[in-house]
């Protein structure tokens, strides 16, 4: 059959054909369960396509004018926004520069998809939209955003140059309560695991895992993300610290605050002690690297709080005391990610930042009143804050 929509096909028929072919493909079948997340509707009031990170709308005329490979590309593109939870994880970038955040998210997806298709022709990038650029291969959305910002791009208020709109407002906590985000994050995780099973059945004996799916579990430069998170959330509390950079890091081309610190009154490091989370080498490395960054960021106090279904240990380190050997996690029971935040509220601890170290199987994610970074050894992505996936 031709790749152009037949006259006897409705727009709905054309969309179904694209989705069914994706579900039958040995690689893209991994996204088959994601296509069932949220709702898919047709809306002639939007120019092309639009997602709020969960639900997707398509302009019927836009869909009808796409070839089958182009429609597959657009459908998977929207599914990837859901898979990577872009409109939740990278909201802080959108608040800085809406246009550049849109472009960075689309560049991440489009570059990855074109690389994965590798000229096979199953997918075709539409003529409109953020065209793939190989220089951004392997970068996270945040890294692309930073690179483009340094090049002077962005500073606009529009949707960017994509073929779809991103409904950041519709994805906001005002419209999507935290408990709904938690539920959706769980559903995404389940969908990805089911997709992996289907993909494994199709790929038995046919080669290695595809790069785009490895990105769902691989890490970016997590030390850079951690560094950026700490400094961004401390900036402004003590400007003099930034006017006087730490000379120790200048030789490494790293601009970090001076010894006066960033003025963050306290920092909380939550440690998930369930399962094998803290036994992994990567978590030990994370604590070691964190200790060096704490020396630079210089908070007045660091709380290290172990938790499983409840808080099991609370260590307090005053200035200069934090170190890997001194951290003594305790626990080993079930998991309730909400217990740390409930504990902080109950004890009236108000940190500048909260870092949560976990395998991602947290039960309830809870609700944080503070800037929060989740350092996760598994593949789950938190429904709020910044998620940093770690590996060895």
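Among the residues making up segment 360-377, a single one is on the phi > 0 side of the Ramachandran plot and surrounded by fewer than 19 Cβ atoms within 10 Å (Cβ to Cβ): 363. Here 203, 174, 199 are screened, and the one residue that is out of contact with any helix residue (DSSP H, G or I) (no Cβ under 8 Å at 6 or more places or on another chain), in the same structural domain as residue 39 (by TED's automatic domain parsing), at pLDDT below 80 and at negative phi is 203. Counting only residues that are assigned to a helix (DSSP H, G or I) and more than 16 Å from the chain's Cα centre (by Cα), which one in segment 86-100 is surrounded by the fewest Cβ atoms within 10 Å (Cβ to Cβ)? Filtering first and then ranking leaves 96. Is there a residue in segment 18-34 that is under 20 Å from the mean Cα position of the chain (by Cα), within 25 Å of residue 177 (Cα to Cα) and assigned by TED's automatic domain parsing to the domain that holds residue 165? Looking for residues that are under 20 Å from the mean Cα position of the chain (by Cα), within 25 Å of residue 177 (Cα to Cα) and assigned by TED's automatic domain parsing to the domain that holds residue 165, one finds at least one in segment 18-34, hence yes. Looking across segment 9-51, the residues that are surrounded by fewer than 16 Cβ atoms within 10 Å (Cβ to Cβ) and within 15 Å of residue 63 (Cα to Cα) come down to 9, 10, 12, 13, 16, 41, 42, 43, 44, 45, 46, 47.
Only one of the numbered conditions (1) farther than 16 Å from residue 165 by Cβ; (2) out of contact with any strand residue (DSSP E or B) (no Cβ under 8 Å at 6 or more places or on another chain) is not met by residue 89, and that is (2). Looking across segment 172-185 at every residue that is under 16 Å from residue 34 (Cβ atoms) and touching a residue at least 24 places away in the same chain (Cβ under 8 Å), the one that is surrounded by the fewest Cβ atoms within 10 Å (Cβ to Cβ) is identified as 184.
Scanning segment 31-61 for residues that are in a helix (DSSP H, G or I) and more than 20 Å from residue 89 (Cβ to Cβ) yields 35, 36, 60, 61.
Being buried (at least 18 other Cβ atoms within 10 Å of the Cβ) and part of a loop (DSSP other than H, G, I, E, B) holds for only one residue in 125, 148, and it is 125.
Among the residues in segment 133-141, are any in contact with a helix residue (DSSP H, G or I) (Cβ under 8 Å, 6 or more places away or on another chain) and crowded, with 23+ Cβ neighbours inside 10 Å? There is at least one residue in segment 133-141 that is in contact with a helix residue (DSSP H, G or I) (Cβ under 8 Å, 6 or more places away or on another chain) and crowded, with 23+ Cβ neighbours inside 10 Å.
Filtered by the rule that a residue be in contact (Cβ under 8 Å) with a residue 60 or more places away in the chain and either in a loop (DSSP other than H, G, I, E, B) or surrounded by 23 or more Cβ atoms within 10 Å (Cβ to Cβ) (or both), segment 345-359 gives 349, 350, 351, 352, 354, 355, 356, 357, 358, 359.
The values are calculated or read from the model by the stated rules, or taken from the named source; none is laboratory data. As the structure is a prediction and not an experimental result, all values here were calculated from the model. With ideal geometry, Cβ positions are generated from the backbone for all residues, glycine too; neighbour counts draw on all protein chains shown.
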